[in-house]
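Working notes, beginning with the structure itself.
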Amino acid sequence: MVPRCVLLLLVAWAVLHASAATETQHPPVRVQLGLESPSAPVPRFPILRFRRGDDPRWAAPDHDDSAWETRGYAEGLPAHTGVYWVRFTLDQARPPSPLRDGLAIGVVASYDLFIDGQLIASSGVVGADRESEVPGRLDNIIRIPDALLTPGEHLVALRMSAWRSGFKADTLRLNLAIGGYRALIERRVEQGSVSVVVIGAGLALAVVLGVLWWLVERRRALLLLAAAALVAAVMQALQAWRYLGAYPFDWHRPRLSAIAMSVAILGGLIVAALLEFFEMRRRTLWLATLGAGMAAIWVLSGGWYHRLSLQLMTLALLFALAITVLAVRRDRTGARFILAGILVSLGALMAEPAEILERSFILTFGAPILGCVTAVSLNLRNERRAARRAQITAARLEIELLRKQIQPHFVMNTLTTILEVVEHDPKAAVSLIEALAEEFRALAHVSSERRIPLTQELDLCRTHLRIMSLRKDVRYTLHVEGETLDLEVPPALLLTLVENGLTHAAARGQSVEFRVAITASPERFRLVVTAPAGTPTGRAGGAPPEGTGLRYVRARLEESFPGRWTLEAGAVPEGWRTVIEVKETRRP
Amino acid sequence: MKVMIVEDEPLIAQRLERMCREILTGTLESVRTAETFEGARAALLEHPVDVLLLDLNLHGHDGMDLLQSVVAGAFHTIIVSANIDQALRAFEYGVLDFVPKPFTRERLASAFARLGAGARGGPPSQTARYLAVRKHGRVEVVPVDDVVHVQGAGNYAELVLRDGRRELHDKTLERIAALLPPDFERIHKSHLVRLSEIVALHAHEGSQYEAELRDGTILPVGRTRYKELRARLS
């Protein structure tokens, strides 16, 4: 079973990997196009002129950089080195075009920004070596002074160092966007706002599920889902941090790494929750395989963190899919809901792989979590209903037991006998009254229990037989074979069978023996009750009347040992034999 | 009076027998006991009795199915039973009384007292609603509502029904009278009539009285009973 699943997963994985790889050759540009406003930020991919070294004269617009190296956007700039200069030109449009007075720069480097020779802004401290470099913020939005907004070309120069870029790669990308200053800021906030929604939802869900787990039902699946929601919130907080907060660029790689790690944990938690929820076997094996797969992906990822997150999530979702499909095959409650959620999730993933951490996050992660929560709720609801039904059954059984025993036939006949005997044979009357009291006491004691020790049940039978002996002037005895050990049975289990057996007439003064044979092992026990044939009372073959007696016995057996018992009754030469077998008695 | 007791508990049977002897001193001819109904049935064929004392729950069996065959008999039936749930039904089928266990002598005595006074002395819920008639080996149940009048025929009673059918019941007219509701009146030694069916009373010369029924039947009215009857009808 597991090997087949793993094979299937590998195939699916290969397919998805291929498609995902083509999608994410280029890490997505963080700038979001699509705003229709004229002052919308526009990414810039200017030709960069590049030169190592450090000379303040290189900032001047009239400096001749024709001998400088040219670098395109795709090539990137050198990492783990400094100081070097980069120059490029920026066009300002003519009025009435709105002014593009903001410049957004995102780069894992420290820099000094010059426009037309003037130092406009600094990010961190550019250093000639690692020790002297002070990392600046990863993202900056710089307001271009009005004087430099004249239409036409302007020269932008960057004096940069990138000792602490943090990534293993030798090159880094310079992300530029130019547009309205306010628009740039707004865009940044917008990018974080989706995440804020998810943080809120994730925290709320985590709290709700956590409280549910703590107070209502300590199911591990609930706890894992709560943890998953929390991790989703944390992940989105990390995601939003870039846009709603700010951090030095040397935290960029650790942040991306943390995001990928939290994606892995989230995927693992969802898979673990599903394994718990569907009560799958060999959970450790599943989780270990998932972990190994994720570790392999991480090691082979080559540092593309977005793709890494995508692949980790895909792997987790594929595992979840496999588990859920198995659960649907086994007809587990709620499996179909979860399957729908996972399919939505995978669909979102394949449709917009670039957005799984942002826009599509809610779909990708939310759908399976929602499916899980629905399934857990369904389960809880079904269990509550079953519990209520069981409660009602238990109450009814208790009532039935009490009614059975105070039923007129037994009590009134015994009282009548006492009446008859009390004047002529007081000793016999006293015995009868004592035995009756003993039986009632025992019954009152056990009627509310689900199970009582077998020794107690046998005592109950003996008391009953004593009463019947006195009444009918017949010597009824109970012969027990086997050890009672610490076996427990439902109350009145054997008593009911004995009562059924008493319907046969016996001659006065006769000795009549009931037999109970006990065989027990740690896993099961077997009780054989033989009621003697006695003198036939006209009912053919000595079959005792069924009806409420055996119905009670069956209901009690089902209550205490659901689905694990059998009862067979039939005529034997000695009389009427009933065999009760119960398996797996040690399960709670 | 001949009595049969059907009771499976020996001490209770002993009690019943003792009490019968005490209550019916002078009139008691014989008391027989049986532990099962099958045994009793055989004995009844040989020695018919006047009253049967019966426990419905013999040996744990529910006796309601045998009740119908019992009440079809010629004898009166007094049920002595622990389970009073069955009392209402037993009365509906025409038992003389239902004595719950445990019972005192007084209670048993009042049951026997009904032999004379009849059911009319007691509450209306204790009169028969059905009469069981033995036919071709089976027992057929006739609703009392269908009975217009009853005619004595020796040791039997003929039930005359609304639709004109006539059914023969094993009980004597006296015994049936004891079970029927009060609106049945014994107008003659051999006739028992539902009063609401009488439309007219006729007096002829020679102290001959007649009652005319709704369906036109004319029934004789006993001389001594005429006055009482007229008083009741007006």
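Just so you know, all these numbers are worked out from the coordinates, no wet-lab data involved. Source: prediction; values computed, not measured. As a convention, Cβ positions derive from the backbone with ideal geometry for all residues, glycine included, and neighbour counts pool all protein chains shown.
Sum up the charges of everything whose Cβ sits under 10 Å from the Cβ of A:GLY152, counting Lys and Arg as +1 and Asp and Glu as -1, but leave A:GLY152 out.
Charge balance in the 10 Å sphere: -1.
Quick one: go through the range A:104-124 and flag any residue whose amide nitrogen is under 20 Å from the point 7 Å out along the Cα-to-Cβ line of A:ASP170.
Correct set: A:108-109.
Would you mind getting me the FRET efficiency between B:THR27 and A:ARG389? Use the beta-carbon distance for r and R0 = 51 Å, nearest 0.05.
After rounding, the FRET efficiency stands at 0.25.
Which residue, chosen from A:ALA322, B:LEU58, A:LEU155, occupies the Cα position most advanced towards the positive end of the dipole of the protein assembly as shown, where the dipole is computed from +1 (Lys, Arg) and -1 (Asp, Glu) charges on Cβ about the Cα centre?
A:LEU155
Can you find, among B:LEU213, B:LEU173, A:SER165, the residue sitting farthest towards the positive end of the charge dipole of the protein assembly as shown, where Lys and Arg contribute +1 and Asp and Glu -1 at Cβ?
About the Cα centre, the residue reaching furthest to the positive side is A:SER165.
To the nearest 20 Debye, how big is the dipole of chain B about its Cα centre, given +1 on the beta carbon of each Lys and Arg and -1 on that of each Asp and Glu?
Dipole about the Cα centre, nearest 20: 620 debye.
Filter the trypsin sites (Lys or Arg not before Pro) in the range A:319-421 to those in DSSP coil with at most 13 other Cβ atoms within 10 Å of their Cβ, and list the result.
A:ARG330
Where in the range B:132-234 are there trypsin sites (Lys or Arg not before Pro) that are in a DSSP coil and have at most 16 other Cβ atoms within 10 angstrom of their Cβ?
B:ARG162, B:ARG165, B:LYS189, B:ARG214
Net charge near B:SER30: determine it from the other residues with C-beta under 14 Å of the C-beta of B:SER30, scoring Lys and Arg +1 and Asp and Glu -1. Write down the numbers at each step before the final one.
Details: positive: B:LYS2, B:ARG21, B:ARG32; negative: B:GLU17, B:GLU29, B:GLU46, B:ASP50.
Taking every other residue near B:SER30 into account, the sum is -1.
What nm value, rounded to one decimal, do you get for the distance between A:ARG143 and A:LEU300 when each label is placed 7 Å out toward the C-beta?
According to this spin-label approximation, the distance is 5.1 nm.
Collect residues whose amide H, placed 1.01 Å from N in the peptide plane, falls under 5 Å from the amide H of B:VAL133; neighbours closer than 5 in sequence don't count.
Long-range HN contacts for B:VAL133: B:GLU140, B:VAL141, B:VAL142.
Simple spin-label model, 7 Å along Cα-to-Cβ: A:GLU434 to A:LEU119 in nm?
For the pair A:GLU434/A:LEU119, the computed spacing is 11.2 nm.
Trypsin sites (Lys or Arg not before Pro), restricted to the range A:64-142: which are DSSP loop and have at most 13 other Cβ atoms within 10 Å?
Here the trypsin sites (Lys or Arg not before Pro) that fit, given the DSSP loop and packing criteria, are A:ARG130.
Charges at C-beta only: +1 for Lys and Arg, -1 for Asp and Glu. How large is the resulting dipole of the range A:49-208 about its Cα centre, in Debye rounded to 20? All intermediate terms of the calculation are to be shown ahead of the outcome.
Details: 18 positive and 20 negative charges, 85 e Å.
Roughly 400 debye, rounded to the nearest 20.
Where in chain A are the DSSP H helices whose C-alpha atoms run 15 Å or more along the long axis and whose mean Kyte hydropathy is at least -0.5?
Span-like helices here: A:2-23, A:181-211, A:220-244, A:252-277, A:283-300, A:305-329, A:335-351, A:367-405, A:408-424, A:426-446, A:454-472.
Ignoring everything except DSSP H segments at least 4 long, calculate the 222 nm mean residue ellipticity for chain A; use -39,500 (n - 2.57) per segment, divide by total residues, nearest 500.
After summing the helix terms and dividing by the residues of chain A, the value is -16500 deg cm²/dmol.
Say the cut-off is 24 Å between C-alpha atoms; which of A:LYS427/B:LYS2; B:LYS101/B:LYS135; B:LYS189/B:LYS227; A:LYS472/B:LYS171; B:LYS135/B:LYS171; A:LYS472/B:LYS101 go over it?
Over 24 Å Cα-Cα: A:LYS427/B:LYS2; B:LYS101/B:LYS135; A:LYS472/B:LYS171.
Treat each spin label as a single point 7 Å out from the Cα along the C-beta direction, and report the A:VAL211 to B:LEU45 distance in nm.
Between A:VAL211 and B:LEU45, the label points sit 8.1 nm apart.
B:SER125 to B:ALA231: FRET efficiency via 1/(1 + (r/R0)^6), r the Cβ-Cβ distance, R0 22 Å, to the nearest 0.05?
0.25
Under 5 Å between amide hydrogens, which residues at least 5 positions from A:SER122 or on another chain qualify, with H placed 1.01 Å from N in the peptide plane?
A:LEU113
What full-extension length gain, to one decimal in nm, is calculated for A:ALA351 and A:LEU285 as 0.36 nm per residue of separation minus the Cα-Cα distance?
Using 0.36 nm per residue and subtracting the Cα-Cα distance, I get 20.7 nm.
Sequence gap at least 6, Cα distance under 8 Å: using those rules, report the relative contact order of the range A:142-250 to the nearest whole percent.
32 percent
Considering only DSSP beta bridges with both partners in the protein assembly as shown, what is the antiparallel share in %, to the nearest 5?
80 percent
Amide H to amide H under 5 Å from B:THR217: which residues, 5+ apart in sequence or cross-chain, H placed 1.01 Å off N in plane?
It is none; the list stays empty.
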